[in-house]
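Presented below is the structure to which this report refers.
The values are calculated or read from the model by the stated rules, or taken from the named source; none is laboratory data. All figures in this text were calculated on a predicted structure; none of them were measured in a lab. Counting neighbours? That spans all protein chains shown, and the Cβs are built from the backbone with ideal geometry, glycine included.
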Amino acid sequence: MITGRTRVTGIIGHPLSHSLSPQMHNAAFRSLDMDWVYVPFPVRPEKLGRAVRGLEALNVRGVNVTIPHKEAVIEYVDELHETASLIGAVNTLEFDDGTVRGYNTDADGCLRALEEVTSVRNSSVLILGAGGAARACAFRLALAGASGILILNRTPERAHSLAGDIGEKLGFDVSSGGYDLIPEAAVDADIIIDTTPVGMHPHTDDEALVTAELMHEGMVVYDLVYNPVRTVLLREAEKASAVPVSGLKMLVYQGAESFRIWTGRKAPVDVMEEAVLEGLWRKD
Ligand SMILES: NC(=O)c1ccc[n+]([C@@H]2O[C@H](COP(=O)([O-])OP(=O)(O)OC[C@H]3O[C@@H](n4cnc5c(N)ncnc54)[C@H](OP(=O)(O)O)[C@@H]3O)[C@@H](O)[C@H]2O)c1
């Protein structure tokens with residue numbers, strides 16, 4: 001029940017109809033018996049500045065920021081967290097007594113899902129794709145002490161550009177190229193992260209960018225796609241006795257970190273994961 005004391009959080013983006021974050025966060029608030037609510041706020045690009053100021057004026061505690069605003073919103077942030085500043089994208093705003101703070105919890109979510117099954121420090125990582133998600137993961141893994149990062153993309157120039165940016169900002173030497181390098185790169189990797197939409201619903205029968213013959217036992221194979229949970233890439237990983245990691249984990253852990261920033265409390269990640277699974281199931 002909404003009361004006079006209810007704290008408000010939410011998400012801004014456009015469109016928002018497919019977002020599972022409202023279900024995930026409201027389930028978390030309910031499970032901890034908190035008088036909080038999470039609301040979807042569809043915001044068109046030309047209204048972004050007014051929306052951020054309005055949310056702050058309305059005493060909203062914080063919001064997630066999604067496509068297409070993750071980069072543009074930085075202009076309206078007073079204090080930018082270090083990782084968000086390096087990546088150049090914000091997915092979480094916190095409103096604190098007139099101050100707007102910006103964070104990138106996608107990066108932390110990406111790392112936490114991996115750290116659950118392996119240690120990133122001294123691992124050699126192959127990243128497929130060079131868009132926004134690749135950027136958040138690549139910067140975070142470089143900061144976490146990966147021994148090497150190779151970024152391959154359909155458009156190699158974007159991979160070169162991301163690698164160059166990480167080199168410039170962190171002094172971390174990242175290699176880059178096109179998908180023609182996948183066969184030789186995959187066999188040497190400890191961790192493969194697919195940040196492309198390949199295999200995403202409804203294209204669940206796409207051919208995986210890396211197939212089982214190129215994987216090895218114990219290698220970690222992480223697909224950021226979470227619909228379906230068991231993607232074509234993760235099915236290949238199972239065939240090779242590799243360790244599959246679903247994008248569902250990143251979704252839940254980025255949400256958990258936003259939850260912690262707003263509430264100061266540890267997020268109930270099992271409840272959040274269950275809510276996302278239920279949301280996915282209802283969609284199908
Ligand atoms: N689990 C999570 O919490 C989470 C969070 C963020 C994103 N994601 C998922 O990650 C994926 C990428 O998101 P994004 O924001 O990074 O998107 P983006 O900025 O549009 O980047 C997409 C990347 O995938 C490549 N790509 C697109 N279609 C491809 C295809 N058919 N074959 C091979 N490569 C292809 C693109 O290559 P070009 O440069 O050549 O176009 C680009 O590098 C989406 O599926 C999204 O749902 C998941």
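The table below lists the values:
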quantity	calculated
Given (1) closer than 19 Å to S246 by Cα; (2) surrounded by 23 or more Cβ atoms within 10 Å (Cβ to Cβ), index of the condition N153 fails	(1)
The lone exception for E115 - which of (1) outside the structural domain of V221 (by TED's automatic domain parsing); (2) within 16 Å of the ligand (Cβ to nearest atom); (3) among the acidic types (D, E) it fails	(1)
Members of region 117-132 found to be out of contact with any helix residue (DSSP H, G or I) (no Cβ under 7 Å at 6 or more places or on another chain), surrounded by fewer than 21 Cβ atoms within 10 Å (Cβ to Cβ) and touching a residue at least 40 places away in the same chain (Cβ under 8 Å), listed by number	V117, T118, S123, G131, G132
Any hit, region 213-227, residues being touching a His at 6+ places or on another chain (Cβ under 9 Å), surrounded by 19 or more Cβ atoms within 10 Å (Cβ to Cβ) and either touching a residue at least 12 places away in the same chain (Cβ under 8 Å) or farther than 29 Å from S85 by Cβ (or both)	yes
Boolean, A208 is more than 12 Å from the ligand (Cβ to nearest atom), within 21 Å of S124 (Cα to Cα) and over 20 Å from the mean Cα position of the chain (by Cα)	no
In region 35-59, the residues that are under 27 Å from K283 (Cα atoms) and outside any strand (DSSP E or B)	V43, R44, P45
Any hit, region 224-236, residues being in contact with a Lys or Arg (Cβ under 8 Å, 6 or more places away or on another chain) and over 18 Å from T196 (Cα atoms)	no
Any hit, region 166-184, residues being touching a residue at least 40 places away in the same chain (Cβ under 8 Å) and in contact with a Ser or Thr (Cβ under 8 Å, 6 or more places away or on another chain)	no
Options A189, A133: the member that is of a type in the set (A, V, I, L, M, F, W, C), in the same structural domain as E116 (by TED's automatic domain parsing) and within 9 Å of the ligand (Cβ to nearest atom)	A133
Selection from region 234-245 of residues that are surrounded by fewer than 22 Cβ atoms within 10 Å (Cβ to Cβ) and under 19 Å from the mean Cα position of the chain (by Cα)	P244
Condition met for D106 (within 13 Å of the ligand (Cβ to nearest atom), acidic (D, E) and surrounded by fewer than 22 Cβ atoms within 10 Å (Cβ to Cβ))	no
Pick from region 84-94, criterion surrounded by fewer than 22 Cβ atoms within 10 Å (Cβ to Cβ) and over 17 Å from G131 (Cβ atoms), ranking: farthest from the chain's Cα centre (by Cα)	E94
Condition broken by D194, with the remaining ones in (1) within 15 Å of the ligand (Cβ to nearest atom); (2) surrounded by fewer than 22 Cβ atoms within 10 Å (Cβ to Cβ); (3) of a type outside the set (S, T, N, Q) satisfied	(2)
Filter result for the condition that a residue is over 30 Å from L181 (Cα atoms) and either part of a strand (DSSP E or B) or modelled with pLDDT of 95 or more (or both), over K266, K249	K266
Y76 vs. criteria under 30 Å from L170 (Cβ atoms) and of a type in the set (F, W, Y)	yes
